[in-house]
Amino acid sequence: MYGALYYGKIRRSTNRGTSFSDISSSIRDVETGAWVTPYISPPLNAYRMYAGYENIWRTHNVKASSVNWTKITNFTDTYTFIDPAVAYSNGSRLYASRKGNSATSATNTFMKTADATSSAPSWTDLTPYLPTIGNVTDIEIDPNDEHHLFIAMGDNIYESTSGGLSWNDVS
């Protein structure tokens with residue numbers, strides 16, 4: 001089982017929660033996470049995990065005694081990620097939202113990659129296609145279609161069937 005503590009400490013237990021070990025110290029040596037740092041494992045690969053700090057980090061060996069992390073984005077500022085989401089139908093499809101310094105800031109980012117498992121994933125910035133200005137606070141992907149997703153922004157829920165290129169308010 002996995003759990004998180006403040007500012008990016010991700011912990012793992014292999015004995016039903018009797019004890020935990022830190023698996024994220026190598027990331028926290030170089031970056032800070034949010035108070036609640038998001039992390040996610042693809043449903044069909046229990047050895048992989050993505051974690052959102054100032055950048056998105058990936059590991060292919062989350063169950064190993066020594067976890068190796070790779071940075072798969074390259075931001076130079078200190079804003080943190082809010083929510084990563086992995087498609088059930090394609091473990092290489094990752095959507096992620098990043099929080100700027102305010103709800104109306106131009107530094108809010110929503111992005112996707114179709115090759116999150118490659119050595120150098122390419123990212124598409126979907127921020128210009130968002131239906132409104134603000135933070136994407138939650139992302140949910142249709143388990144059968146990686147291009148069909150829902151996002152929460154403010155008090156509204158939006159749906160896209162085009163991989164984030166167009167949106168309908170379904171609140």
Please report the carbon-and-sulfur percent of the accessible area for the chain; probe 1.4 Å, protein heavy atoms only, DNA, RNA and ligands left out. 49 percent
Only residues of the range 56-90 count here: report those whose backbone N is under 18 Å from the spot 7 Å along Cα→Cβ of THR18, or say none. none
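Based on Cβ point charges of +1 for Lys and Arg and -1 for Asp and Glu, what charge dipole magnitude is obtained for the range 1-148 about its Cα centre, in debye rounded to the nearest 20?
560 debye
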Solvent-accessible area per residue for the range 58-99 (1.4 angstrom probe, square angstrom): 44 Å²
Semi-axes of the equivalent ellipsoid for the chain, Cα gyration tensor, largest first, Å: 26, 18, 15
Each label point is 7 Å from the Cα along the Cα-to-Cβ direction; what then is the distance between the points at THR78 and HIS60, in nm? 3.4 nm
Rg from C-alpha atoms of the range 7-104, normalised by the globular rule of thumb 2.2 N^0.38 Å, equals 1.07
What is the distance, in nm, between label points placed 7 Å from the Cα along the Cα-to-Cβ direction at GLU140 and at SER92? 2.8 nm
Among THR137, THR78, THR18, which one moves the most in a GNM of the chain with springs linking Cα atoms closer than 10 Å? THR18
Could you pull out which residues in the range 109-126 have an amide N less than 20 Å from a spot 7 Å beyond the Cα of TYR47, following the Cα-Cβ vector? 115-121
To make sure I understand the rule: partners must be aspartates and glutamates, Cα under 17 Å from the Cα of LYS99, and not fewer than 8 residues away in the same chain. Which ones qualify? GLU31, GLU54, ASP77, ASP83, ASP125, ASP138, ASP155
By per-residue mean of other Cβ atoms within 10 Å, what is the highest-first order of 112-124, 83-95, 38-50? 83-95, 38-50, 112-124
So what is the calculated 222 nm ellipticity per residue for the chain, using -39500 (n - 2.57) for each DSSP H run with n of 4 or more, over all residues, to the nearest 500 deg cm²/dmol? -500 deg cm²/dmol
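The values are calculated or read from the model by the stated rules, or taken from the named source; none is laboratory data. These numbers come from a predicted model, not from an experiment. All Cβ positions, even for glycine, are placed from backbone atoms using ideal geometry, and neighbour counts span all protein chains on display. Areas reflect the complete protein model, heavy atoms only, side chains present, ligands, DNA and RNA absent. Shrake-Rupley method; radii C 1.70, N 1.55, O 1.52, S 1.80 Å.
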